[in-house]
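Here the structure comes first, spelled out in structure tokens, and everything after it is commentary.
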Amino acid sequence: MKRLAIIVPCYNEQEVLVNTTSQLVSALERLRNENMIEEGRIVYVDDGSRDRTWELIEEQAIASPLVMGIKLAHNAGHQHALWAGMERSVAWADAMITIDADLQDDVSAIFQMVQLFDKGIDIVFGVRKAREADTFFKRTTAQGFYRLFQKMGGEVVYNHADFRLMSKRATRSLLLYPERNLFLRGLVCTLGYPVANVYYDRKPRLMGKSKYPLRKMLSFALDGITSFSIRPLLFISYIGLFCIVVSILAIVYGLFSYTSGRSIPGWASLMVSMWFIGGAILLACGVIGEYVGKIYIEVKRRPRYLVERETGSTPSSGEIAESRGKM
């Protein structure tokens, strides 16, 4: 491989950014010393941070010619930040690795990824062996999401987030996808190029806090499921059919009770049926509304992100060795 870009989306990551740069520069230096790459760069994408993240990126870009930064004009979201980094890097790099700024994903796995790339693998997924660093709640909900996603007909690598290597041709193919509702870990699985997995232990976060609270995780899961499956719409039909069957059984039971001389309170059956059918209708409307909302977003064709400014430049040969002394 000649050129490698490491794309790092950032949102309020001032606590970890300096340490992240140090570790990634060390990784690039080792890759070059072992003749695994000729050139490399770190591409930070500031996704509308409100702290000193961009200021630190500019400082790191001045200190090291390996670092460049892209500042988005607003918070476009993690997936769109990754997309921006890939679009900016694909013309230059032979392969791109995406990794989160907190470096809970093991940097040492990058070397295995590059080795697999050299063997002709276009997409290398970083897969967590276990999730001991995560809370019980996060582990449980993540496992539930992967199982639900697969049952809904989507294809995704179990315990893979967005830590992966992609070749130039795989990235260019991915960038042809026109949708605005991005769920990259699902889209990448549809490309069809040679793939492999690299397994690693997820580390605890050193500083700062997770930028994916429960609200964002639920929204991300919903985006993933509704972007890759229409089974929730079929599920609505099943609920409707179930309601009809229950209603028919209730009518039969009522007629049987009437002919047998027994009676049940009329208001009870009425209220239960109203609440049940009303809830089913609201659920159906909600699921349909989610799909209609996605159509609404797609047809507007608004840009995925806007770049406010950039810093740094594409490194040239030999700069990896020089950059270490400037950090």
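The values are calculated or read from the model by the stated rules, or taken from the named source; none is laboratory data. The shown structure was predicted, so the numbers you read here are calculated from the model rather than taken from an experiment. Note that we place each Cβ from the backbone using ideal geometry, even for glycine, and neighbour counts take in every protein chain shown.
For segment 16-58, residues that are surrounded by 15 or more Cβ atoms within 10 Å (Cβ to Cβ) and free of Cβ contacts under 8 Å to residues at least 24 places away in the same chain total 1. Here Asn197 meets the list (1) in contact with a helix residue (DSSP H, G or I) (Cβ under 8 Å, 6 or more places away or on another chain); (2) assigned to a strand (DSSP E or B) almost entirely, failing just condition (1).
Going by what's in this entry, would Leu174 be described as touching a helix residue (DSSP H, G or I) at 6+ places or on another chain (Cβ under 9 Å) and touching a residue at least 60 places away in the same chain (Cβ under 8 Å)? Give the derivation first.
On the way: touching a helix residue (DSSP H, G or I) at 6+ places or on another chain (Cβ under 9 Å): yes; touching a residue at least 60 places away in the same chain (Cβ under 8 Å): yes.
Yes; evaluated as a whole, the condition is true for this residue.
Let's see how each residue does on (1) outside the structural domain of Pro194 (by TED's automatic domain parsing); (2) on the phi > 0 side of the Ramachandran plot; (3) outside any strand (DSSP E or B); (4) of a type in the set (Val, Ile, Thr):
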{"position": "Leu56", "(1), (2), (3), (4)": "no, no, yes, no"}
{"position": "Gln60", "(1), (2), (3), (4)": "no, no, yes, no"}
{"position": "Lys71", "(1), (2), (3), (4)": "no, no, no, no"}
{"position": "Ala91", "(1), (2), (3), (4)": "no, no, yes, no"}
{"position": "Gln115", "(1), (2), (3), (4)": "no, no, yes, no"}
{"position": "Val124", "(1), (2), (3), (4)": "no, no, no, yes"}
{"position": "Ala130", "(1), (2), (3), (4)": "no, no, yes, no"}
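Among the residues of segment 30-58, what is the count of those that are among the acidic types (Asp, Glu) and out of contact with any strand residue (DSSP E or B) (no Cβ under 9 Å at 6 or more places or on another chain)? Walk me through how you get there before you give the answer.
Going through segment 30-58, the residues among the acidic types (Asp, Glu) turn out to be 34, 38-39, 46-47, 51, 55, 58.
Within this subset, residues satisfying the condition of being out of contact with any strand residue (DSSP E or B) (no Cβ under 9 Å at 6 or more places or on another chain) are 34, 51, 55.
Summing the residues that are among the acidic types (Asp, Glu) and out of contact with any strand residue (DSSP E or B) (no Cβ under 9 Å at 6 or more places or on another chain) in segment 30-58 gives 3.
Considering each of Leu165, Leu116, Leu176, Leu148 in turn, give the residue that is at pLDDT below 95 and within 25 Å of Lys2 (Cα to Cα). Show your work before the answer.
On the way: Leu165 fails: at pLDDT below 95; Leu116 fails: at pLDDT below 95; Leu148 fails: within 25 Å of Lys2 (Cα to Cα).
Going through Leu165, Leu116, Leu176, Leu148 in turn, just one is at pLDDT below 95 and within 25 Å of Lys2 (Cα to Cα): Leu176.
Of all the residues that make up segment 181-209, how many are modelled with pLDDT under 80 and under 14 Å from the mean Cα position of the chain (by Cα)? Counting residues in segment 181-209 that are modelled with pLDDT under 80 and under 14 Å from the mean Cα position of the chain (by Cα) gives 1. Yes or no: Ser64 among the hydroxyl-bearing types (Ser, Thr, Tyr), in the same structural domain as Asp162 (by TED's automatic domain parsing) and surrounded by fewer than 21 Cβ atoms within 10 Å (Cβ to Cβ)? Considered against the rule, which asks whether it is among the hydroxyl-bearing types (Ser, Thr, Tyr), in the same structural domain as Asp162 (by TED's automatic domain parsing) and surrounded by fewer than 21 Cβ atoms within 10 Å (Cβ to Cβ), Ser64 comes out as no. Restricting segment 96-110 to residues that are within 19 Å of His78 (Cα to Cα) and touching a Leu at 6+ places or on another chain (Cβ under 9 Å), the residue that is surrounded by the fewest Cβ atoms within 10 Å (Cβ to Cβ) is Leu103.
Among residues of segment 114-130 that are buried (at least 20 other Cβ atoms within 10 Å of the Cβ), those with a Cβ under 7 angstrom from a residue that is of a type in the set (D, E, K, R), sequence gap 6+ or separate chain, pair up as Asp122/Arg169; Ile123/Arg164; Val124/Arg164; Phe125/Arg164; Gly126/Asp105; Gly126/Arg164; Arg128/Arg202.
Within segment 23-46, work out how many residues are part of a helix (DSSP H, G or I) and within 25 Å of the chain's Cα centre (by Cα).
Residues of segment 23-46 part of a helix (DSSP H, G or I): 23-33.
When the remaining residues are screened for being within 25 Å of the chain's Cα centre (by Cα), the result is 23-25, 27-28.
Result for segment 23-46: 5.
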